[in-house]
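Contents: one structure, followed by commentary.
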């Protein structure tokens, strides 16, 4: 497989060149005599995006075509029916005549947009979660945004701190690249808690790409990429507020405000606060079920737009969070006064700044994009008698030059990049320092026949100061068959640098001794797979069926071994095989008017060589099923959402050598989680009520030896299911346009 990728890339890369193109068109309406009249102020944008423009006084518009894959253009205007233009049929000079919406007894008939859809334009398999989907649940932060999604699993990494981790294609989220607006965000010490740093109401959409992603964004994506798009200053509400509270004592609020400074310059302020001060102990094990949290988030971003010349986005983010957890009687006092009480204190301060620019040249379809971002992450934590502190400084730069050659069918993206990471860790009495300096560059070729075939071949080279050279080839294919069937295939390689303590602080919530058997090498894996999507009509309504399969094979992997010894955790490089097979089937349909259904089923077959034996990877569900129903009443005022998650069994770490009272079975049971929400919608505000884990299914005794946290057998890391019973919540969303 390696040779095939390299040969293909060597063959196609010399023929590259490509560029953006401009689409110029006119939008009309018809007057009382049926004559075409120019329509001023109509919205024109690319399907599935918010990138667009408006028509001028003559009904004309000019819109940059970011790449040939952008084929469908949407035209909309208040009081008129939306129209979608296929540029493969109209060319780059479309003329569109909008039809007035039929009005009967002052009622306008509108269509409801899809909450989640698979991008028809992108050659890489990409699920787009829109704001409609995010509002089907409370969605207080990024970690809680996947409750209605079949592809991403979110679970607690331990039973104490509330840290959440994702799984994609059956593997830990550390093998997925998590980004905000194409800037890496969740890495290093941000891994355990970073998903909760992104407030849900700040997000405009989430894109989930499976398999290896584009080489443009780096070498780290092995199983996929999750990219968050924040709300944009130029098209967001002037004022928006969301308030939320639940019966566990959690209260939070988000406020956003956008301001047009002048015609081409906008700014936006986003603020968020979260508080939880109630000590819940629903399972009566003496430990707080969810940490007490005080968190503040602030972001200020600016947007400068000069169409066809330059586009710029820059700003900063600040975050401060305090977490207190442990036994219910624990107080945040000096260690000397706590006696034998087990407590967890985590304070995190995080600062980020970013600048993104796009420059458009006179040469047709040629542009240069630049990204510069830096972050400072300062975390101090205490886990019982263990202490851990880390300061992580990060600098990320990426430059992307895009142009076309030979013809509009061929495009090339090239550019250099640089990443710098500085870690200073203190683990009890030990101090570790590590710097990662990684200069690199990429070249990517795209062929698009503007009909049914797209090929993307890319390669990048990075020189890591600690691990040597990384050569990353990747290939993506997309083929449209008869207009209703889309085939995709991808394959390629990925790397990542292991940071055991920063990414896995839950290891300190156990009485075991952590032993590094050897120096760790970079993790390295190949991923290959594909999907088929079939769009059809069911009962004269739109429906789709998609099937996918992906396999990941590790060349090297960091193994964290809980099985070898009940008093030790061994960390070492992979010796033997480690692989993941992930198969998923998803069905979407509008069953009756305004009733949408999504049903999915996934099989995870994940195996790893641990202590010389090939065994199932622990704490990974063997299967997952999901059904989501969403009904909007005919007057569009009341929305009902229901989700059922069916979780299969997972292998648990070996506890055979523990005293009998502390032993656990070899596998967890299968279980089901039910969630529901009711939303009342009006022009200015939404009111929503909901419940999670409605059957109160819980993992019994999630902490081993909870009564003796400083004893020989304490372990809070073996979490496979919910640790809290049913929860009810209510909230309010209010906006001024």
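The values are calculated or read from the model by the stated rules, or taken from the named source; none is laboratory data. Note that this is a predicted model, so its numbers are computed, not measured. All Cβ positions, glycine included, derive from the backbone under ideal geometry; neighbour counts span all protein chains shown.
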task = Tell me the strands (runs of 3 or more DSSP E) entirely within the stretch 513-610 that contain at least 3 residues that are farther than 28 Å from residue 713 by Cβ and out of contact with any helix residue (DSSP H, G or I) (no Cβ under 9 Å at 6 or more places or on another chain).
result = 523-538, 541-556, 578-592, 595-610
task = Tell me, yes or no, whether the stretch 286-298 has at least one residue that is in contact (Cβ under 8 Å) with a residue 24 or more places away in the chain, assigned by TED's automatic domain parsing to the domain that holds residue 412 and under 22 Å from residue 43 (Cβ atoms).
result = no
task = Would you tally the residues in the stretch 286-327 being surrounded by 15 or more Cβ atoms within 10 Å (Cβ to Cβ) and in a loop (DSSP other than H, G, I, E, B)?
result = 5
task = Could you tell me which of the residues 220, 229 is surrounded by 16 or more Cβ atoms within 10 Å (Cβ to Cβ) and either in a strand (DSSP E or B) or out of contact with any strand residue (DSSP E or B) (no Cβ under 9 Å at 6 or more places or on another chain) (or both)?
result = 229
request  = Those residues that are surrounded by 14 or more Cβ atoms within 10 Å (Cβ to Cβ) and either farther than 15 Å from residue 451 by Cβ or at pLDDT 80 or above (or both), I need them from the stretch 83-99; list them, please.
outcome  = 83, 85, 94, 96, 97, 98
remark   = Checked 523, 518 against criteria (over 23 Å from the mean Cα position of the chain (by Cα), assigned by TED's automatic domain parsing to the domain that holds residue 659 and at pLDDT 95 or above); the one match is 518
task = Look at residue 594 and say whether it is touching a residue at least 40 places away in the same chain (Cβ under 8 Å), surrounded by 20 or more Cβ atoms within 10 Å (Cβ to Cβ) and within 21 Å of residue 116 (Cα to Cα).
result = no
Residue 468 vs. criteria in contact with a helix residue (DSSP H, G or I) (Cβ under 8 Å, 6 or more places away or on another chain) and either modelled with pLDDT of 95 or more or surrounded by fewer than 22 Cβ atoms within 10 Å (Cβ to Cβ) (or both) = no
request  = Could you please find all residues in the stretch 263-285 being in a strand (DSSP E or B) and under 22 Å from residue 321 (Cβ atoms)?
outcome  = 269, 270, 271, 272, 273, 274, 275, 276
note = When residue 506 is run through (1) within 27 Å of residue 213 (Cβ to Cβ); (2) buried (at least 17 other Cβ atoms within 10 Å of the Cβ), the failure sits at (1)
ask   = Restricting attention to the stretch 654-668, and to residues there that are under 21 Å from residue 285 (Cα atoms) and in contact (Cβ under 8 Å) with a residue 40 or more places away in the chain, which single residue is farthest from the chain's Cα centre (by Cα)?
value = 659
ask   = If you check every pair at least six apart or on different chains, which have Cβ atoms under 8 Å apart with a residue in the stretch 242-265 that is on the phi > 0 side of the Ramachandran plot first and a residue that is crowded, with 20+ Cβ neighbours inside 10 Å second?
value = 249/276
